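Asker: The structure under discussion is supplied below as structure tokens; questions concerning it will follow.
Taken together, the values in this text are just the output of simple stated rules run on the coordinates, not laboratory data. None of these values were measured; they are calculated from a predicted model. Quick reminder, even Gly has a Cβ in these numbers, built from the backbone with ideal geometry, and neighbours come from all protein chains shown.
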Amino acid sequence: MSCKRCIVSGKVQGVWFRAATQRQAQTLGVAGLARNLPDGSVEVIACGADAAVAQLIEWLHRGPEQARVAGVEVAEWTGEAPSGFNTG
């Protein structure tokens, strides 16, 4: 199991990015959260099987159709692993 913290930048707020990330994570069996940050980026915490987390991170580089992802910064998450997947 791995846990990652991703900061997704670009046109990622106001384009249903968090909801789409939640759907994708649930499909992959990944727990975590997606929340907007004040600078216009989206923070994603993803915890689950290594391969599933890697697939979610790969998806974050594209995001939903309306998004325009400029970059994804990925780091280890050392906080508590969340249960379920929340947005907000």
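Asker: List the longest stretch of the chain that has no exposed loop site; here a site is one of the GluC sites (Glu not before Pro) assigned by DSSP to anything other than H, G, I, E or B, with at most 14 other Cβ within 10 Å. Intermediate values should be presented prior to the final figure.
Answerer: Details: sites that count: Glu65, Glu80.
Longest gap between qualifying sites, sites excluded: 1-64.
Asker: Something else: Please list, in order along region 21-26, the HN-Hα scalar couplings obtained from phi with the Karplus expression 6.51 cos²θ - 1.76 cosθ + 1.60 (θ = phi - 60°), rounded to whole Hz, x for Gly and Pro.
Answerer: 5, 4, 4, 5, 4, 5
Asker: Enumerate the amide H contacts of Phe85 below 5 Å, restricted to partners 5 or more residues apart or on another chain; note that Pro and chain-start residues carry no placed amide H.
Answerer: For Phe85, whose amide H was placed from the backbone, the distant partners under 5 Å are Gly32.
Asker: Can you give the relative contact order of region 2-79 as a percent, counting alpha carbon pairs under 8 Å and 6+ residues apart?
Answerer: On the way: 155 pairs, mean separation 36.7, N = 78.
Value for region 2-79: 47 percent.
Asker: Taking the Cα centre of the chain as the origin, how large is its charge dipole in debye, to the nearest 20, when only Lys and Arg (+1) and Asp and Glu (-1) carry charge on their Cβ atoms? Working shown, then result.
Answerer: Numbers: 8 positive and 8 negative charges, 57 e Å.
For the chain, the charge dipole is close to 280 debye.
Asker: Rg and Dmax in Å for the chain, alpha carbons only: what are they?
Answerer: 11.4, 31
Asker: Looking only at Cβ-Cβ distances, which cysteines of the chain have no other cysteine closer than 4.7 Å?
Answerer: Cys6
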